[in-house]
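The values are calculated or read from the model by the stated rules, or taken from the named source; none is laboratory data. Keep in mind that this is a model prediction, so the values were computed, not measured. All Cβ positions, even for glycine, are placed from backbone atoms using ideal geometry, and neighbour counts span all protein chains on display. Quick note on the areas: whole protein, heavy atoms, side chains included, nothing else; ligands and nucleic acids left out. Shrake-Rupley method; radii C 1.70, N 1.55, O 1.52, S 1.80 Å.
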Amino acid sequence: MPVIEITNLTKFFGKRPALMEASLSVEEGEFFGFVGPNGSGKSTTIRILMNYLKPSSGSAKIFGMDVVRDSAKIRQHVGYVPSELDYCEDMTAGALIRYAADLRHCKDREKIGKLCDLFELDTSRLISKMSLGNRKKIALVNALFHSPRMLLLDEASTGLDSLVKKRFKDYLLDLNQNGVTIFYSSHDMAEIQELCDRTAIIRGGSILEVSEISALASSDSRRISVKTNDDLTALFALLRIRESINIGGYVCFAYHGNMDDLIKGLAYFRVEDIQIGLPSLEDTIIRFYEKKLEGEEEFY
């Protein structure tokens, strides 16, 4: 049985659809990515899983339990970090964490202390005086202190400094190796590529693809950097290369066609150097969106 099972999930805000018949499943022990542009439905999906939003239709289950009917039972085993934080600002970080621990009947104050030390959280500070990154640390501690079986993380590393972010990612990988299922929504494609086994790609409330990270990153596109003083506009038009940028004397672009055609085309220009690399996950997903849009345009 999947740990997360979403079936034809739909959510309207008034007449505006935020999710449209979205379906996916996440297996126990997966480190699962969830990517898409702003407004694509990522946070809406996670809030439905946490029962902070009610679906308009469809269903979602966690550990085989309905997220609406069995929400209280589910939350005992889930750690959640929201993308947006709205805390009582006249409390200190420590008071808020102790309050959350009391609500969960958590007696393990030693673990809470270790998490605060790990993320360098000053528990004596008022929340009103804290930056986004420090508020996010409170959310991380609250999500982790009760040793959940699953984590729902929505932009969980946003605002963290580099050192704390690395500690956080290392901690997540250790949890995952010990069987914790992690559902990880992020705009940082490098994080998704570094951490996740599979990812779902969502746009406009619809899940376009669920794929292994390795499969997404091994597309037919390449990242090309050409050092030349010649104008490559005519070649780009011929090979349908839409965009390029100049970096350090190199013309840089993504190429999705036949490499033989590109090399033969460049032979007509003075080329001082050429560098060819595999695309990043971000390049691949952008290309994936482009193909979907091209298909929609052809359909209409």
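Yes or no, residue by residue, for (1) under 30 Å from N8 (Cβ atoms); (2) surrounded by 14 or more Cβ atoms within 10 Å (Cβ to Cβ); (3) charged (D, E, K, R):
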site: S214; (1), (2), (3): yes, no, no
site: D231; (1), (2), (3): no, no, yes
site: A237; (1), (2), (3): no, no, no
site: I241; (1), (2), (3): no, yes, no
site: M259; (1), (2), (3): no, no, no
**Asked** Which helices (runs of 4 or more DSSP H) sit wholly inside the range 136-247 and have at least 2 residues that are closer than 22 Å to L49 by Cβ?
**Response** 162-177, 189-195
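So that you can scan it fast, the table gives a plain yes or no per residue for (1) in a strand (DSSP E or B); (2) more than 23 Å from L216 (Cβ to Cβ); (3) aromatic (F, W, Y):
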{"residue": "F34", "(1), (2), (3)": "yes, no, yes"}
{"residue": "P37", "(1), (2), (3)": "no, no, no"}
{"residue": "I46", "(1), (2), (3)": "no, no, no"}
{"residue": "G58", "(1), (2), (3)": "yes, yes, no"}
{"residue": "R98", "(1), (2), (3)": "no, yes, no"}
{"residue": "A101", "(1), (2), (3)": "no, yes, no"}
{"residue": "K107", "(1), (2), (3)": "no, yes, no"}
{"residue": "D117", "(1), (2), (3)": "no, yes, no"}
**Message:** Criterion first (open to solvent by 50 Å² or more (accessible area, probe 1.4 Å) and touching a residue at least 40 places away in the same chain (Cβ under 8 Å)) does R270 satisfy it?
**Reply:** yes
**Asked** What is the one condition in (1) within 24 Å of T158 (Cβ to Cβ); (2) in a helix (DSSP H, G or I); (3) aliphatic (A, V, I, L, M) that A72 does not satisfy?
**Response** (1)
**Asked** So is A100 in contact (Cβ under 8 Å) with a residue 40 or more places away in the chain and buried (at least 21 other Cβ atoms within 10 Å of the Cβ) or not?
**Response** no
**Prompt:** So which of Y171, Y184 ends up being in contact with an Asp or Glu (Cβ under 8 Å, 6 or more places away or on another chain) and either open to solvent by less than 30 Å² (accessible area, probe 1.4 Å) or modelled with pLDDT of 95 or more (or both)?
**Reply:** Y184
